[in-house]
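Below is one structure, written out as structure tokens; the observations come after it.
Derivation of every value follows stated rules applied to the coordinates shown; laboratory data play no part. For clarity, every value in this text was computed on a predicted model and none was experimentally measured. Glycine gets a Cβ as well: all are built from the backbone with ideal geometry, and neighbour counts include every protein chain shown.
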Amino acid sequence: MTQTLNVALGARTYPIHIGSGLLSDAGLILPSLKQKRAVVVTNTTVAPLYLDVLRATLEVGGVDVLPVVLPDGEQFKTWETLNLIFDALLGANCERSTPLIALGGGVIGDMGGFAAACYQRGMPFIQVPTTLLAQVDSSVGGKTAINHPLGKNMIGAFYQPKLVVADLATLDTLPDRELRAGVAEVIKYGLIRDPEFFDWIEANIDRLLAREKDALAYAVARSCANKAEVVAADERESGERALLNLGHTFGHAIETGLGYGNWLHGEAVAAGTVIAAELSVRLGWLAAGTLHRIERIFDHAGLPVIAPRLGTARYMDLMSHDKKVQDGKLRLVLLKQLGQAVVSDVADESMIGAAIDARCT
Ligand code: NAD
Ligand code: GLY
């Protein structure tokens, strides 16, 4: 069964289709293609698995595919790799109306989207996410970016896709570690705004990790429903959307500090969320029992609950580049209770260091 949700953005409203076998469903993608050719940006891992299936589907409608196969990994989310996409687009005389389809995880989606936003000032963009993380989070909402050595996702653009096609069958080939990293972002929605979903995740975590299709379908759809609501209300993150960054300020510091690709994004978010929860307890906002519940669910999902010891000063330095910093003041997503997150500065910054210290190896 295919589920379809919408991201409501007025004239730019777009559907998210979720189901098994959707890569072969010509009726989903073909109607949104305005040319008889399409660029498919993917990587060396995903191309051998899914490029031919997608190509065959597009060829049913007479659409020729120009594949752009990038090196695989967070460490390649750079200007240099982005330029490979532009080289291919220009080399093939792609036009402003040529559609670009991102086939892969969040790295491909973020880079493909940024390339689509920039090339001739914007070409049609379609997300075909193939990791759990990309299906529940990064393919929805229009954030696109590359990393900078000094900070994660620092160079980018808001650029919404025309369509998201999440084929749950692609998750069959996802390595376990990558599946668990995606679960971190699923848990995030429960923590920030959907406590009933958090209860459901606790009750169904083993089914998710065992890749039971109905559990995955439910988790992807409920995550996307949460994300679609937030994005519709605050597309450019002037308020509520920042809550989607629970654990990310600490997490991005971990990813940048350790070198991109060493810890997976979802792993860093899990450990970063535990620090945010620890700080929330220290501020007297969150019950200690809730912190333990959060630790338990991440631990059960095989995600790290202890962050690497980079040194408090290094954490603070890395976090000074965070996109939520305002007038030089760090602002963090913290928890008031399970299902209620807030963005706040912390008057006594030494408390941030203490929370980091308490949650590092
Ligand atoms: P990823 O894109 O690196 O994919 C993880 C790994 O799985 C890669 O090796 C990839 O090649 C492989 N892979 C992808 N699909 C596969 C499949 N079906 N079978 C087997 N292997 C497969 O990582 P990710 O976790 O998908 O995404 C993380 C990125 O997303 C980070 O760069 C993060 O910053 C970004 N992100 C963006 C947003 C956003 O809103 N734009 C939100 C969250 C995360
Ligand atoms: N993943 C954070 C956001 O989309 O805002």
query: Could you say which residue among Leu216, Leu191 is aliphatic (A, V, I, L, M), within 13 Å of ligand 1 (Cβ to nearest atom), touching a residue at least 24 places away in the same chain (Cβ under 8 Å) and surrounded by 21 or more Cβ atoms within 10 Å (Cβ to Cβ)?
result: Leu216
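Yes or no, residue by residue, for (1) in contact (Cβ under 8 Å) with a residue 60 or more places away in the chain; (2) within 15 Å of ligand 1 (Cβ to nearest atom):
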residue: Lys227; (1), (2): yes, yes
residue: Tyr260; (1), (2): yes, yes
residue: His265; (1), (2): yes, yes
residue: Ala268; (1), (2): no, yes
residue: Gly272; (1), (2): no, yes
residue: Glu278; (1), (2): yes, no
task: Exactly one condition in (1) within 16 Å of ligand 2 (Cβ to nearest atom); (2) under 23 Å from Leu303 (Cα atoms) is not met by Ala215; state its number.
output: (1)
- prompt: If a residue has to be within 16 Å of ligand 2 (Cβ to nearest atom) and either within 16 Å of Arg121 (Cα to Cα) or among the polar types (S, T, N, Q) (or both) to count, how many in the range 156-176 make the cut?
  reply: 6
- prompt: Is one or more of the residues making up the range 148-159 within 7 Å of ligand 1 (Cβ to nearest atom), polar (S, T, N, Q) and under 15 Å from Gly104 (Cα atoms)?
  reply: no
- prompt: In this structure, does Val60 turn out to be of a type in the set (A, V, I, L, M), within 16 Å of ligand 2 (Cβ to nearest atom) and out of contact with any Gly (no Cβ under 7 Å at 6 or more places or on another chain)?
  reply: no
- prompt: Out of (1) touching a Pro at 6+ places or on another chain (Cβ under 7 Å); (2) surrounded by 21 or more Cβ atoms within 10 Å (Cβ to Cβ); (3) under 16 Å from Thr44 (Cα atoms), the odd one out for Pro99 is which?
  reply: (3)
field: Test: Asp206 is surrounded by fewer than 23 Cβ atoms within 10 Å (Cβ to Cβ), away from ligand 1 (no atom under 13 Å from the Cβ) and under 20 Å from His292 (Cβ atoms)
entry: yes
- prompt: Can you pull out the residues in the range 130-144 that are of a type outside the set (S, T, N, Q) and either in contact (Cβ under 8 Å) with a residue 40 or more places away in the chain or part of a helix (DSSP H, G or I) (or both)?
  reply: Leu132, Leu133, Ala134, Val136, Asp137, Val140, Gly141, Gly142
- prompt: Pick from Ala166, Ala203, Ala215, Ala184: which is under 14 Å from Pro129 (Cβ atoms) and not acidic (Asp, Glu)?
  reply: Ala166
Top-ranked residue in the range 125-145 [being under 20 Å from Leu84 (Cβ atoms) and more than 8 Å from ligand 1 (Cβ to nearest atom); ranked as surrounded by the most Cβ atoms within 10 Å (Cβ to Cβ)]: Val128
- prompt: Restricting attention to the range 194-204, does a residue exist that is within 16 Å of ligand 2 (Cβ to nearest atom), out of contact with any Ser or Thr (no Cβ under 8 Å at 6 or more places or on another chain), in contact (Cβ under 8 Å) with a residue 12 or more places away in the chain and acidic (Asp, Glu)?
  reply: yes
- prompt: Tally time: how many residues in the range 239-281 are surrounded by fewer than 18 Cβ atoms within 10 Å (Cβ to Cβ) and more than 19 Å from the chain's Cα centre (by Cα)?
  reply: 1
